[in-house]
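Single-structure report; data block below.
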Amino acid sequence: MYCIIEKKVLAPTITKYLIEAPYVARKRKAGNFVIIRVDETGERIPLTLVDSNTDTGTITLIVQALGKTTKALALKNEGDFILDVMGPLGNPTPIESGKTIACIGGGVGTAELYPITKALKDAGNTIYTIVGARSKELVILEKEMEQVSDKFYITTDDGSYKRKGFVTDQLKELLDANLGINMVYAIGPLPMMRAVSNLTKPYNVRTLVSLNAVMVDGTGMCGGCRVTVNGKMKFACVDGPEFEGHEVDFDEMLLRNHSYTDMEKISIDRFLEEPHVCRREGMAS
Ligand code: NAD
Ligand code: FES
């Protein structure tokens, strides 16, 4: 059992959790993720490790309450426990140095981008960061991202904060300005990572994306997270989660990620009807 030490709402539906998990904290590297289970009847979901503290033995997760499991997690409070935290999983991000890198975070994907951007900055790279959100209230980690960037930009779809538009509008301007950007990291919703990859391809700029595939075991055995990269089948959990954006079959991945939408909706509806009833025992918990 893993205790929630701290819980802080960052934006509507987006919450930061500090969870006591000393073994995971000790081994975490930028780019790793964990698979959690909230309780014994719950599904397993992957969540990127945003940070860790070996002194306090805690890990940081930032979670958007979208599906049944993330909504169940959102009902937990400081001092409550979650059943499983398995990890760290996935390959750590290869941290190169001496480059000029554009780090692009879309929505809650910004949380996943933060540890990578920090590690790239610490390694001496020049960092141009672009954070995009639908509106001002959904911008997260603004201060933290700015601190690990040489140049920092925010876009909002509705123009309620900073530049109006998508992250790709700002990125195109930077690429056209010939600033020497020779690498791009993009983490966010699939349509954003596809749009960033399509944009950088004609500029011949290497682009890494982090694929949030459906996962079950996280160890390469179930095949749930398979993706096609450069025409070959890969497992996001053990071969990734980062891949060359120009080689990813995003259309196939979008189809696969949406294949459970109907079942997810049924599951959420059932959960919302009885949000605090323990169905196993048939009584309020
Ligand atoms: P969102 O839909 O609000 O988009 C965030 C930003 O991405 C937008 O403001 C825009 O700048 C950019 N964007 C979105 N679509 C674009 C497009 N077609 N072209 C160019 N730019 C575009 O993001 P959200 O609601 O916070 O994201 C939720 C999704 O992100 C969920 O589906 C979640 O699974 C996914 N996600 C992915 C990762 C990952 O590791 N890749 C991590 C966390 C969340
Ligand atoms: Fe099962 Fe990747 S989650 S193979």
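The values are calculated or read from the model by the stated rules, or taken from the named source; none is laboratory data. For clarity, every value in this text was computed on a predicted model and none was experimentally measured. FYI the Cβ positions are ideal-geometry reconstructions off the backbone, even for glycines, and counts take in every protein chain you see. With ligands, DNA and RNA removed, areas are computed over all heavy atoms of the protein, side chains included. Shrake-Rupley method; radii C 1.70, N 1.55, O 1.52, S 1.80 Å.
In the stretch 184-198, the qualifying residues are those that are more than 12 Å from the chain's Cα centre (by Cα) and near ligand 1 (Cβ under 6 Å from one of its atoms), and the one that is farthest from ARG256 (Cα to Cα) is ALA195. In summary, ARG163 fulfils each of the numbered conditions (1) surrounded by fewer than 21 Cβ atoms within 10 Å (Cβ to Cβ); (2) away from ligand 1 (no atom under 15 Å from the Cβ) with the single exception of condition (2).
In this structure, does THR219 turn out to be within 16 Å of ligand 1 (Cβ to nearest atom) and not in a helix (DSSP H, G or I)? So THR219 fails the test.
Checked against (1) modelled with pLDDT of 95 or more; (2) surrounded by fewer than 18 Cβ atoms within 10 Å (Cβ to Cβ); (3) not in a strand (DSSP E or B), GLU6 passes all but condition (3). Candidates are the residues of the stretch 199-216 that are assigned to a loop (DSSP other than H, G, I, E, B) and within 16 Å of ligand 2 (Cβ to nearest atom); the one that is farthest from the chain's Cα centre (by Cα) is VAL216. For GLY245, the conditions (1) closer than 17 Å to PRO46 by Cα; (2) among the small types (Gly, Ala, Ser); (3) crowded, with 17+ Cβ neighbours inside 10 Å are fulfilled apart from (1).
Cβ-Cβ under 7 Å, sequence separation 6+ or interchain: first residue in the stretch 180-203 and at pLDDT 95 or above, partner open to solvent by 40 Å² or more (accessible area, probe 1.4 Å) and within 16 Å of ligand 2 (Cβ to nearest atom). Which pairs? Nothing qualifies.
For THR155, the conditions (1) within 11 Å of ligand 1 (Cβ to nearest atom); (2) touching a residue at least 40 places away in the same chain (Cβ under 8 Å) all hold with the exception of (2). One residue alone among ILE36, ILE14, ILE19 is more than 15 Å from the chain's Cα centre (by Cα), buried (at least 16 other Cβ atoms within 10 Å of the Cβ) and in contact (Cβ under 8 Å) with a residue 12 or more places away in the chain, and that residue is ILE19.
Restricting the stretch 227-242 to residues that are assigned to a strand (DSSP E or B) and more than 16 Å from ligand 1 (Cβ to nearest atom), the residue that is surrounded by the most Cβ atoms within 10 Å (Cβ to Cβ) is THR228. Between residues in the stretch 251-264 that are among the hydroxyl-bearing types (Ser, Thr, Tyr) and residues that are within 13 Å of ligand 1 (Cβ to nearest atom), which pairs lie under 8 Å by C-beta distance while being six or more apart or on different chains? So the pair list comes out as TYR260/VAL214.
A single entry from LYS68, LYS136 fulfils the requirement of being of a type in the set (Lys, Arg), within 16 Å of ligand 1 (Cβ to nearest atom) and over 23 Å from THR155 (Cβ atoms): LYS68.
Restricting the stretch 248-257 to residues that are surrounded by fewer than 20 Cβ atoms within 10 Å (Cβ to Cβ) and of a type in the set (A, V, I, L, M), the residue that is farthest from ligand 1 (Cβ to nearest atom) is LEU255. Cβ-Cβ contacts under 7 Å between residues 6 or more apart (or on different chains), taken from a first residue in the stretch 71-100 that is at pLDDT 95 or above to a second residue that is open to solvent by 50 Å² or more (accessible area, probe 1.4 Å) and polar (S, T, N, Q), are listed as LYS99/ASN182; THR100/THR126; THR100/ASN182.
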